[in-house]
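Following: one structure in structure tokens, then a few remarks.
The values are calculated or read from the model by the stated rules, or taken from the named source; none is laboratory data. Given the structure is predicted, the values throughout are model-derived calculations rather than measurements. As a convention, Cβ positions derive from the backbone with ideal geometry for all residues, glycine included, and neighbour counts pool all protein chains shown. The accessibility values were calculated without ligands, DNA or RNA, using every heavy atom of the protein model including side chains. Shrake-Rupley method; radii C 1.70, N 1.55, O 1.52, S 1.80 Å.
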Amino acid sequence: MRRKNSGISTILGTVIGILIFFTIIIPTWIYMQQLQTIFFDQVNRRLLFEAEKLRERLDLIVSISVSGTTYHPTLNITNVSPLEVTVLAIYLESNVKGLVQVSSETITLAPGGRRAIVLRGFSMGVDEVVRAIVTTARGNSFISEYSIGPRRLPHIMVVSLANLTVSSAYKVNVESIGTFAGCVMPQGSGLTDNRCSQEISVERFIKVGDLRGGAGGHEEIFAFNVAPGEYTVSTYVLIRDGSGNMVWQALRPPERVTVYDHSTVRFDSTRSYGWRIPLHLNVLATKLVIFNTTVPGSRTILNISFVLTYNASFPGPALNATVEIDFNDASCDGFTMTVKRLKVGESFAGTFQCGIVTGTTVPRIYTFRVFISRVELPQGFGVDQPSSDMTRVGRVDLCVVREVSVLASIVTVMVGTERHVSGVLTGIKEVRCAT
């Protein structure tokens, strides 16, 4: 009986042990495994979060938008990381107002995404400079590379005018455009009240030396301080129009430039404009009076002298010109004369020697015309006709001198009772000219 009870106890003990194993030990082990899985999952998530936080990158570009006399900061945010980034807040650090939160709008940027924001709720003073700070959902903070203000612009734009062929006044105009507009001012102007504006023009007289052998022209540099943004760059030259007035004419169509760093804009082809230069032709004597000679059919040589002046307010290139004479019934030693490489401010004097018949008893009038028949200039240049004297007309009066007898006096002689009257003749020279 006792052995029978002992076997039952052993079986019950085994059953109880098995029940304890499956109801306590195994669930406890499973629970520990789940805790371990949760722990490692949280560790992995945290490591992944930290890795994403380290890879998160935002590029902040601060600029200035001008509205009348008011300056508003603008912020261009670019996501340069391979992750989606959520911006929670935007701050401006000002040297006048301190740290100011200017936006709490949530901005989500995909990889490579960009957002331009005009912060109209923040007005900048003329002497104020600001720096932008943004915070993200991953806990990162990013700050702009530089501070910016109406008198402190971060970048320099250099405008180069190349191949200039004429001395004149030149103008470069820079204007901010688009939604992400910028601000511009002349570089190194030194003005105490200098501040940036939406548009600025710089004029300068540029003296170009002699262009030898058709080589490239002069190159001139214009520099501007600019804020990041979109700009158009226009270039002009001061020329004479068809009526002789001085006007600004565009060298080339405006160039559109996006500025995110120091920039250079080069205008290389500047010969396409129509530069007009004045020429002045003068004849030293346009009305001559000469007298006939005693030998019939004889000829007299006349010197018709002229002066060609390259007279320009702004120097230009050297030119070649041809001067001709048209003299009716005269024979000249040459009817054309060539002027080589006449430079601005210079004059060329020449003389045509022409013979006319003076052995005649009939007075007459000779007419002549001295004119510029041809001007050779580089491409893009022309003669300003309204401001030039291209033709001169002259006249030669040939007067006739002849001997005539006139009654000089009357002599009365008494012979006896008779009175004899006689006249005394004398010879004089009479001059007759054509009318």
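Observations, loosely collected:
- Any hit, the range 47-60, residues being in contact with an Asp or Glu (Cβ under 8 Å, 6 or more places away or on another chain) and at pLDDT 90 or above: yes
- Neighbours by Cβ (under 9 Å, 6+ apart or cross-chain): first from the range 148-170, touching a residue at least 60 places away in the same chain (Cβ under 8 Å) and among the polar types (S, T, N, Q); second open to solvent by less than 10 Å² (accessible area, probe 1.4 Å) and in a loop (DSSP other than H, G, I, E, B): ASN163/THR270; THR165/THR270
- Condition broken by THR70, with the remaining ones in (1) surrounded by 13 or more Cβ atoms within 10 Å (Cβ to Cβ); (2) closer than 25 Å to ILE177 by Cβ; (3) touching a Ser or Thr at 6+ places or on another chain (Cβ under 6 Å) satisfied: (1)
- Subset of the range 79-130 that is of a type outside the set (A, V, I, L, M), in contact with a Ser or Thr (Cβ under 7 Å, 6 or more places away or on another chain) and assigned to a loop (DSSP other than H, G, I, E, B) - its residue that is most open to solvent (accessible area, probe 1.4 Å): GLU84
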